[in-house]
Each structure stands twice: as structure tokens, then as C-alpha cells.
1. Tell me which residues, restricted to the stretch 165-184, are outside any loop (DSSP other than H, G, I, E, B) and of a type outside the set (D, E, K, R).
2. Show me the strands (runs of 3 or more DSSP E) found entirely inside the stretch 114-164 where at least 1 residues are of a type in the set (A, V, I, L, M, F, W, C), in contact with a Gly (Cβ under 8 Å, 6 or more places away or on another chain) and crowded, with 18+ Cβ neighbours inside 10 Å.
3. For the stretch 137-169, which positions are in contact with a Lys or Arg (Cβ under 8 Å, 6 or more places away or on another chain), closer than 21 Å to LEU102 by Cβ and touching a residue at least 12 places away in the same chain (Cβ under 8 Å)?
4. Can you spot a residue in the stretch 35-58 that is farther than 21 Å from VAL172 by Cα and surrounded by 20 or more Cβ atoms within 10 Å (Cβ to Cβ)?
Amino acid sequence: MFLLVLGIVLINSSQAQEASNENSLLKLETYCPTSSSCIFTGENPFFIYTKIVNTSDVNLEIPLDAIKDSRIWGISKNIKTGEKIGRASGRPLANPDLAHKLTVLPAHSELLLAKGEWRNEIKENFHDVKANQFLYIVSIDKEAYYQGSSEPIGYYKNCKFEAKIFDLESQVIITKKKGLRLGHILKKKDRPVIVY
């Protein structure tokens, strides 16, 4: 009986360790290429980039075209309250035909996922948040594969294989330059809804 319990504990702990290791395979990084501190000075354009990084020692494959087709899910939030600001309404579903088209992401390398120019949206966010900073958060959720594998990275649960969904998130704080005047801002009711 003792050996049976010990065996179950060891299996569960090895599965937990394996899942923990898989969580660290990929990460997202969002940054401002023209301003390392993401300080908005009113310049046009103001870029925000997001890249995916393979932090592991092995080559991976990801559905890059599907990620780009569904667009990157970016939201802005009030740092103090956590309340969403801005006008993003969500993201479209990716073309299902792209889900199995994989791109190699070599060990310790990165790929640019999104390159956005957000000058007007950032001005509106500062106006809405009524503060000199807000949080910009990007997230994706996709499967990944070890290079050459036909099965996605996953685990067995109750003798059934389940693909792991990598829920990746990154964030940056956008700061308004001290003394910057934002100029004319459309009223919320007049702003078109943007799908990122």
C-alpha cells in the first residue's frame, strides 16, 4: 500500500515538474523600440512592439501565421484601479487553416509578433485615464510543438493526452512626458471601435 501511494505521489510530482518546465519554454516581451522607458512625447509614429522568445535549449515550432492572423490581444488599463481604458473590442478568431502551419523558433531566439503604431490611441488613453501613466498588456494563448513532433507539447491526465495551451502575457507602462499637451481628442461616443 505504501509503495502504491509513493508511486502516485512521484508520478504527480513529476507531472507537476514537467508542466512547470513547459511554462518556462516561451515568453512574451512588449517594448517601445524608440524609447526604452516607453515615454510618450507626442511624436508620430509611436511604436509598441511585441515579440515571442524561446527561452529553452531546444527548437520549438509555433503557429506564427495563426497568431498574427488573430492579431495580438492588447488592452490598456488604469494602473491604480485596474479598469480597462481605450477602445479595443477584442480580437478576431484566427483562420483555422493556419493552426497547423508551423514556424520554427530556434532555441534562445525570438520572433517579432506585432509592430503597432498607437499615437492617437495613446493620446486617447491618457485623456481617459486622467493620469500620466497607464498599463498596456498583451496576451496570446496558443499551442507549441517540439521541432519535428506531430503532437503539440502536452501532458497525460487520467490516461488521456491534453495539449498545453501557452497563456503568455507581457506588459509595459506607458508614461506621458511631463508637461505634454495632448491636443484635440475625440469624445468617446465619436471614436470608432478598433479591433487590435
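1. Selection gives PHE166, LEU168, SER170, GLN171, VAL172, ILE173, ILE174, THR175.
2. Numbers: elements: 133-142, 154-157, 160-163.
So the answer is 133-142.
3. If we filter the stretch 137-169 for residues that are in contact with a Lys or Arg (Cβ under 8 Å, 6 or more places away or on another chain), which is where we start, we get 137, 143-144, 152-155, 165-166, 168.
If we keep only those that are closer than 21 Å to LEU102 by Cβ too, we end up with 143-144, 152-155, 165-166, 168.
Once the filter is applied, which keeps residues that are in contact with a Lys or Arg (Cβ under 8 Å, 6 or more places away or on another chain), closer than 21 Å to LEU102 by Cβ and touching a residue at least 12 places away in the same chain (Cβ under 8 Å), the stretch 137-169 yields GLU143, ALA144, PRO152, ILE153, TYR155, ILE165, PHE166, LEU168.
4. No: the stretch 35-58 contains no residue that is farther than 21 Å from VAL172 by Cα and surrounded by 20 or more Cβ atoms within 10 Å (Cβ to Cβ).
Computed from the coordinates by the stated procedures, all read-outs in this text should not be read as laboratory data. The model shown is predicted, which means the values in this text are computed figures rather than measured ones. We place every Cβ from the backbone using ideal geometry, glycine too, and count neighbours over all the protein chains shown.
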